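Below is one structure; the comments refer to it alone.
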Amino acid sequence: MGKIAFLFPGQGSQTVGMGKSLAEMDETVKSIFDKADERLKYPLSALIFEGPQEELTLTTNAQPALLTTSIAILEFFKQSGIQPDYVAGHSLGEYTALVAAGAFSFEDGVYAVRKRGEFMEEAVPNGEGSMAAVLGLDRDKLADVTSEITNEGHPVQLANLNCPGQIVISGSKKGVELASVRAKEAGAKRVMPLVVSGPFHSELMKPAAEKFKGILNEISVNDANIPVIANVSATEMSSSAEIKSRLIEQLYSPVLWEDSIQKMISLGVDTFIEIGPGKVLSGLVKKIDKTVRIFAVSDKETCFEVIESLKEENQ
(Lines give C-alpha, C1' and ligand atoms only; values in the text may rest on other atoms or scores of the structure.)
Protein backbone atom coordinates (compact mmCIF):
# COMPACT_ATOMS: atom_id res chain seq x y z
CA MET A 1 0.00 0.00 0.00
CA GLY A 2 1.47 3.35 -1.07
CA LYS A 3 1.25 6.57 0.88
CA ILE A 4 -1.61 9.05 0.93
CA ALA A 5 -1.46 12.84 0.54
CA PHE A 6 -4.26 15.31 1.23
CA LEU A 7 -4.34 18.34 -1.08
CA PHE A 8 -6.17 21.61 -0.40
CA PRO A 9 -7.35 24.07 -3.09
CA GLY A 10 -6.49 27.75 -3.38
CA GLN A 11 -8.25 30.90 -4.47
CA GLY A 12 -10.51 30.49 -7.50
CA SER A 13 -12.31 27.39 -6.20
CA GLN A 14 -14.87 29.37 -4.18
CA THR A 15 -18.58 29.01 -5.01
CA VAL A 16 -21.65 30.23 -3.18
CA GLY A 17 -23.22 27.43 -1.13
CA MET A 18 -20.01 25.41 -0.67
CA GLY A 19 -20.12 23.28 2.48
CA LYS A 20 -23.72 24.28 3.22
CA SER A 21 -25.36 20.84 2.95
CA LEU A 22 -22.67 19.33 5.21
CA ALA A 23 -23.10 22.10 7.79
CA GLU A 24 -26.84 21.47 7.85
CA MET A 25 -26.44 17.77 8.58
CA ASP A 26 -23.37 17.67 10.82
CA GLU A 27 -22.76 19.60 14.05
CA THR A 28 -18.96 19.31 13.88
CA VAL A 29 -18.97 20.83 10.41
CA LYS A 30 -21.35 23.61 11.45
CA SER A 31 -19.13 24.46 14.42
CA ILE A 32 -16.21 25.22 12.04
CA PHE A 33 -18.30 27.85 10.24
CA ASP A 34 -19.46 29.25 13.60
CA LYS A 35 -15.86 29.50 14.84
CA ALA A 36 -14.87 31.44 11.71
CA ASP A 37 -17.70 33.97 12.24
CA GLU A 38 -16.69 34.37 15.86
CA ARG A 39 -12.95 34.80 15.20
CA LEU A 40 -13.45 37.28 12.33
CA LYS A 41 -16.34 39.06 14.07
CA TYR A 42 -18.46 39.09 10.93
CA PRO A 43 -20.89 36.58 9.33
CA LEU A 44 -18.51 34.88 6.89
CA SER A 45 -20.71 31.76 6.86
CA ALA A 46 -23.70 33.75 5.55
CA LEU A 47 -21.53 35.03 2.69
CA ILE A 48 -20.32 31.49 1.93
CA PHE A 49 -23.81 29.96 1.99
CA GLU A 50 -25.87 32.80 0.46
CA GLY A 51 -23.42 34.93 -1.57
CA PRO A 52 -23.32 37.18 -3.51
CA GLN A 53 -20.57 35.55 -5.61
CA GLU A 54 -18.89 38.92 -6.43
CA GLU A 55 -18.38 39.61 -2.73
CA LEU A 56 -17.27 36.05 -1.98
CA THR A 57 -14.66 36.32 -4.75
CA LEU A 58 -12.92 39.36 -3.21
CA THR A 59 -9.51 38.20 -1.98
CA THR A 60 -10.20 39.28 1.61
CA ASN A 61 -13.33 37.07 1.68
CA ALA A 62 -12.32 34.23 -0.65
CA GLN A 63 -9.24 33.30 1.41
CA PRO A 64 -10.94 32.79 4.80
CA ALA A 65 -14.00 31.28 3.05
CA LEU A 66 -11.95 28.59 1.30
CA LEU A 67 -9.90 27.77 4.37
CA THR A 68 -13.08 27.46 6.46
CA THR A 69 -14.94 25.30 3.94
CA SER A 70 -11.95 23.01 3.28
CA ILE A 71 -11.37 22.46 7.01
CA ALA A 72 -15.11 21.82 7.50
CA ILE A 73 -15.05 19.18 4.74
CA LEU A 74 -11.86 17.71 6.26
CA GLU A 75 -13.59 17.43 9.66
CA PHE A 76 -16.36 15.43 8.05
CA PHE A 77 -13.93 13.25 6.10
CA LYS A 78 -11.86 12.57 9.25
CA GLN A 79 -14.68 10.34 10.49
CA SER A 80 -13.46 7.83 7.88
CA GLY A 81 -10.25 7.32 9.86
CA ILE A 82 -8.14 7.77 6.68
CA GLN A 83 -4.89 9.50 7.63
CA PRO A 84 -2.51 11.35 5.30
CA ASP A 85 1.26 10.76 5.21
CA TYR A 86 1.77 14.21 3.65
CA VAL A 87 -0.30 17.34 3.14
CA ALA A 88 0.03 20.20 0.66
CA GLY A 89 -2.08 23.11 -0.53
CA HIS A 90 -1.98 25.39 -3.55
CA SER A 91 -1.06 28.95 -2.48
CA LEU A 92 -3.81 29.85 0.01
CA GLY A 93 -4.44 26.08 0.37
CA GLU A 94 -1.05 25.78 2.09
CA TYR A 95 -2.68 27.40 5.15
CA THR A 96 -5.41 24.75 5.14
CA ALA A 97 -2.68 22.10 4.96
CA LEU A 98 -0.91 23.70 7.93
CA VAL A 99 -4.11 23.74 10.00
CA ALA A 100 -4.65 20.07 9.03
CA ALA A 101 -1.08 19.33 10.17
CA GLY A 102 -1.58 21.05 13.53
CA ALA A 103 0.86 23.91 12.82
CA PHE A 104 -1.75 26.41 13.92
CA SER A 105 -5.29 26.37 15.21
CA PHE A 106 -8.17 26.80 12.80
CA GLU A 107 -9.11 30.13 14.43
CA ASP A 108 -5.59 31.51 14.03
CA GLY A 109 -5.46 30.20 10.47
CA VAL A 110 -8.70 31.91 9.44
CA TYR A 111 -7.57 35.18 11.06
CA ALA A 112 -4.16 34.97 9.35
CA VAL A 113 -5.57 34.43 5.85
CA ARG A 114 -8.13 37.21 6.28
CA LYS A 115 -5.19 39.54 7.07
CA ARG A 116 -3.12 38.03 4.25
CA GLY A 117 -5.93 38.84 1.82
CA GLU A 118 -6.14 42.43 3.11
CA PHE A 119 -2.40 42.98 2.76
CA MET A 120 -2.37 41.46 -0.72
CA GLU A 121 -5.21 43.79 -1.77
CA GLU A 122 -3.35 46.82 -0.33
CA ALA A 123 0.06 45.97 -1.80
CA VAL A 124 -0.79 46.96 -5.37
CA PRO A 125 -3.66 49.34 -6.23
CA ASN A 126 -6.42 47.57 -8.16
CA GLY A 127 -5.78 47.54 -11.91
CA GLU A 128 -2.02 48.07 -11.64
CA GLY A 129 -1.06 44.42 -11.47
CA SER A 130 -2.34 41.35 -13.27
CA MET A 131 -1.84 37.64 -13.93
CA ALA A 132 -2.19 35.39 -16.98
CA ALA A 133 -2.07 31.65 -17.64
CA VAL A 134 0.40 30.59 -20.32
CA LEU A 135 -0.37 27.25 -21.96
CA GLY A 136 2.03 25.07 -23.92
CA LEU A 137 5.35 26.79 -23.23
CA ASP A 138 8.28 25.23 -21.42
CA ARG A 139 9.19 26.87 -18.07
CA ASP A 140 12.75 27.81 -19.04
CA LYS A 141 11.63 29.58 -22.20
CA LEU A 142 8.95 31.44 -20.28
CA ALA A 143 11.42 32.39 -17.54
CA ASP A 144 13.68 33.88 -20.23
CA VAL A 145 10.76 35.94 -21.54
CA THR A 146 9.78 37.26 -18.10
CA SER A 147 13.32 38.14 -17.01
CA GLU A 148 13.89 39.99 -20.28
CA ILE A 149 10.77 42.13 -19.74
CA THR A 150 11.56 42.69 -16.05
CA ASN A 151 15.00 43.96 -17.10
CA GLU A 152 13.24 46.41 -19.42
CA GLY A 153 11.56 47.90 -16.36
CA HIS A 154 8.20 46.10 -16.37
CA PRO A 155 8.24 43.53 -13.52
CA VAL A 156 6.75 40.13 -14.37
CA GLN A 157 7.63 36.62 -13.19
CA LEU A 158 6.53 32.99 -13.06
CA ALA A 159 3.91 32.70 -10.31
CA ASN A 160 2.35 29.22 -10.43
CA LEU A 161 4.10 26.25 -12.05
CA ASN A 162 0.94 24.17 -12.06
CA CYS A 163 1.61 21.24 -14.38
CA PRO A 164 3.47 20.59 -17.64
CA GLY A 165 2.38 23.24 -20.11
CA GLN A 166 0.41 25.36 -17.62
CA ILE A 167 2.24 28.24 -15.95
CA VAL A 168 0.76 31.42 -14.51
CA ILE A 169 2.72 34.67 -14.80
CA SER A 170 2.25 37.66 -12.50
CA GLY A 171 3.44 41.24 -12.31
CA SER A 172 2.68 44.79 -13.42
CA LYS A 173 -0.14 45.19 -15.94
CA LYS A 174 2.32 46.26 -18.64
CA GLY A 175 4.77 43.48 -17.76
CA VAL A 176 2.09 40.79 -18.07
CA GLU A 177 0.81 42.28 -21.36
CA LEU A 178 4.29 42.32 -22.92
CA ALA A 179 5.10 38.83 -21.60
CA SER A 180 1.81 37.50 -23.01
CA VAL A 181 2.71 38.74 -26.50
CA ARG A 182 6.29 37.47 -26.33
CA ALA A 183 5.23 34.11 -24.88
CA LYS A 184 3.07 33.56 -27.97
CA GLU A 185 5.98 34.56 -30.20
CA ALA A 186 8.13 32.03 -28.31
CA GLY A 187 5.64 29.25 -29.06
CA ALA A 188 2.92 29.34 -26.36
CA LYS A 189 -0.36 27.80 -27.57
CA ARG A 190 -2.59 30.17 -25.60
CA VAL A 191 -2.35 32.97 -23.07
CA MET A 192 -5.39 33.72 -20.93
CA PRO A 193 -5.66 36.76 -18.66
CA LEU A 194 -6.90 35.79 -15.18
CA VAL A 195 -9.63 37.60 -13.29
CA VAL A 196 -7.69 38.43 -10.13
CA SER A 197 -7.40 41.55 -8.04
CA GLY A 198 -3.61 41.67 -7.91
CA PRO A 199 -0.26 40.28 -9.04
CA PHE A 200 -0.02 37.41 -6.52
CA HIS A 201 3.24 35.49 -6.06
CA SER A 202 5.28 38.28 -7.65
CA GLU A 203 7.93 40.64 -6.25
CA LEU A 204 5.19 43.30 -6.13
CA MET A 205 3.80 41.44 -3.09
CA LYS A 206 6.86 42.21 -0.94
CA PRO A 207 5.08 45.04 0.94
CA ALA A 208 2.34 42.53 1.88
CA ALA A 209 5.00 40.06 3.06
CA GLU A 210 6.55 42.73 5.32
CA LYS A 211 3.20 43.45 7.00
CA PHE A 212 2.32 39.77 7.22
CA LYS A 213 5.38 39.05 9.38
CA GLY A 214 3.61 40.86 12.22
CA ILE A 215 0.57 38.58 11.94
CA LEU A 216 2.69 35.41 12.08
CA ASN A 217 4.28 36.75 15.27
CA GLU A 218 0.82 37.40 16.73
CA ILE A 219 -0.43 33.82 16.35
CA SER A 220 1.15 30.66 17.73
CA VAL A 221 2.86 28.61 15.05
CA ASN A 222 3.79 25.07 16.16
CA ASP A 223 5.82 22.31 14.56
CA ALA A 224 3.64 20.38 12.11
CA ASN A 225 2.74 16.81 13.10
CA ILE A 226 2.44 15.70 9.44
CA PRO A 227 5.07 16.80 6.90
CA VAL A 228 3.80 19.68 4.77
CA ILE A 229 5.25 20.07 1.26
CA ALA A 230 6.05 23.77 0.91
CA ASN A 231 4.97 25.72 -2.18
CA VAL A 232 8.20 27.72 -2.28
CA SER A 233 10.68 24.84 -2.14
CA ALA A 234 8.66 21.69 -3.01
CA THR A 235 10.31 20.07 0.02
CA GLU A 236 9.04 18.93 3.40
CA MET A 237 8.69 21.47 6.19
CA SER A 238 7.68 20.78 9.76
CA SER A 239 9.52 23.14 12.17
CA SER A 240 7.63 26.27 13.23
CA ALA A 241 10.58 28.53 12.32
CA GLU A 242 10.72 27.15 8.79
CA ILE A 243 6.93 27.35 8.40
CA LYS A 244 6.98 31.06 9.29
CA SER A 245 9.77 31.95 6.88
CA ARG A 246 8.27 29.87 4.05
CA LEU A 247 4.87 31.57 4.45
CA ILE A 248 6.47 35.02 4.17
CA GLU A 249 8.42 33.97 1.05
CA GLN A 250 5.30 32.33 -0.41
CA LEU A 251 3.64 35.73 -0.88
CA TYR A 252 6.16 36.86 -3.50
CA SER A 253 7.60 33.54 -4.76
CA PRO A 254 6.31 31.07 -7.33
CA VAL A 255 4.11 28.16 -6.26
CA LEU A 256 6.05 25.05 -7.34
CA TRP A 257 2.97 22.85 -7.63
CA GLU A 258 4.20 20.43 -10.29
CA ASP A 259 7.46 19.95 -8.36
CA SER A 260 5.54 19.44 -5.09
CA ILE A 261 3.43 16.65 -6.58
CA GLN A 262 6.54 15.03 -8.10
CA LYS A 263 8.24 15.27 -4.71
CA MET A 264 5.38 13.44 -2.96
CA ILE A 265 5.38 10.75 -5.66
CA SER A 266 9.12 10.30 -5.09
CA LEU A 267 8.36 9.89 -1.36
CA GLY A 268 6.00 7.00 -2.16
CA VAL A 269 2.63 8.75 -2.47
CA ASP A 270 0.34 6.98 -4.93
CA THR A 271 -3.02 8.30 -3.69
CA PHE A 272 -3.96 11.98 -3.68
CA ILE A 273 -7.17 13.15 -2.03
CA GLU A 274 -8.23 16.73 -2.80
CA ILE A 275 -10.31 18.05 0.10
CA GLY A 276 -12.34 21.20 -0.42
CA PRO A 277 -14.48 22.86 -3.08
CA GLY A 278 -13.92 21.99 -6.74
CA LYS A 279 -11.53 19.64 -8.54
CA VAL A 280 -8.86 22.02 -9.82
CA LEU A 281 -5.97 20.24 -8.12
CA SER A 282 -7.20 16.79 -9.17
CA GLY A 283 -7.07 17.99 -12.77
CA LEU A 284 -3.51 19.26 -12.33
CA VAL A 285 -2.32 16.03 -10.68
CA LYS A 286 -3.72 14.02 -13.63
CA LYS A 287 -1.65 16.14 -16.00
CA ILE A 288 1.47 15.65 -13.87
CA ASP A 289 1.23 11.87 -13.49
CA LYS A 290 -1.47 9.63 -14.96
CA THR A 291 -0.49 6.59 -12.91
CA VAL A 292 -1.45 7.86 -9.45
CA ARG A 293 -4.94 7.62 -7.97
CA ILE A 294 -6.81 10.89 -7.47
CA PHE A 295 -9.98 11.52 -5.49
CA ALA A 296 -11.84 14.74 -4.74
CA VAL A 297 -13.95 15.19 -1.60
CA SER A 298 -16.27 18.20 -1.57
CA ASP A 299 -19.55 16.98 -0.02
CA LYS A 300 -21.26 14.01 1.64
CA GLU A 301 -21.61 11.97 -1.58
CA THR A 302 -18.01 12.31 -2.72
CA CYS A 303 -16.81 11.68 0.82
CA PHE A 304 -18.57 8.31 1.00
CA GLU A 305 -17.51 7.36 -2.54
CA VAL A 306 -13.84 7.89 -1.65
CA ILE A 307 -14.14 5.93 1.61
CA GLU A 308 -15.79 3.03 -0.27
CA SER A 309 -13.13 3.00 -3.02
CA LEU A 310 -10.26 2.98 -0.54
CA LYS A 311 -11.89 0.29 1.61
CA GLU A 312 -12.39 -2.02 -1.38
CA GLU A 313 -8.74 -1.67 -2.36
CA ASN A 314 -7.57 -2.49 1.14
CA GLN A 315 -9.60 -5.67 1.43
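Of the residues screened, PHE8 is one that is touching a helix residue (DSSP H, G or I) at 6+ places or on another chain (Cβ under 8 Å) and closer than 28 Å to LYS263 by Cβ.
With respect to the conditions (1) modelled with pLDDT under 95; (2) out of contact with any helix residue (DSSP H, G or I) (no Cβ under 8 Å at 6 or more places or on another chain), GLY214 lacks only one, and its number is (1). Which numbered condition trips up GLU122, out of (1) surrounded by fewer than 20 Cβ atoms within 10 Å (Cβ to Cβ); (2) not in a helix (DSSP H, G or I)? That leaves (2) as the condition not met. Of all residues being exposed (fewer than 14 other Cβ atoms within 10 Å of the Cβ) and touching a residue at least 24 places away in the same chain (Cβ under 8 Å) in region 18-37, which is nearest to THR69 (Cα to Cα)? Just the residue, please. The qualifying residue nearest to THR69 (Cα to Cα) is THR28. Within region 83-118, being touching an Asp or Glu at 6+ places or on another chain (Cβ under 8 Å) and crowded, with 24+ Cβ neighbours inside 10 Å holds for ALA88, ALA103.
The values are calculated or read from the model by the stated rules, or taken from the named source; none is laboratory data. Source: prediction; values computed, not measured. Backbone-built Cβ (ideal geometry, glycine too); neighbour counts: all protein chains shown.
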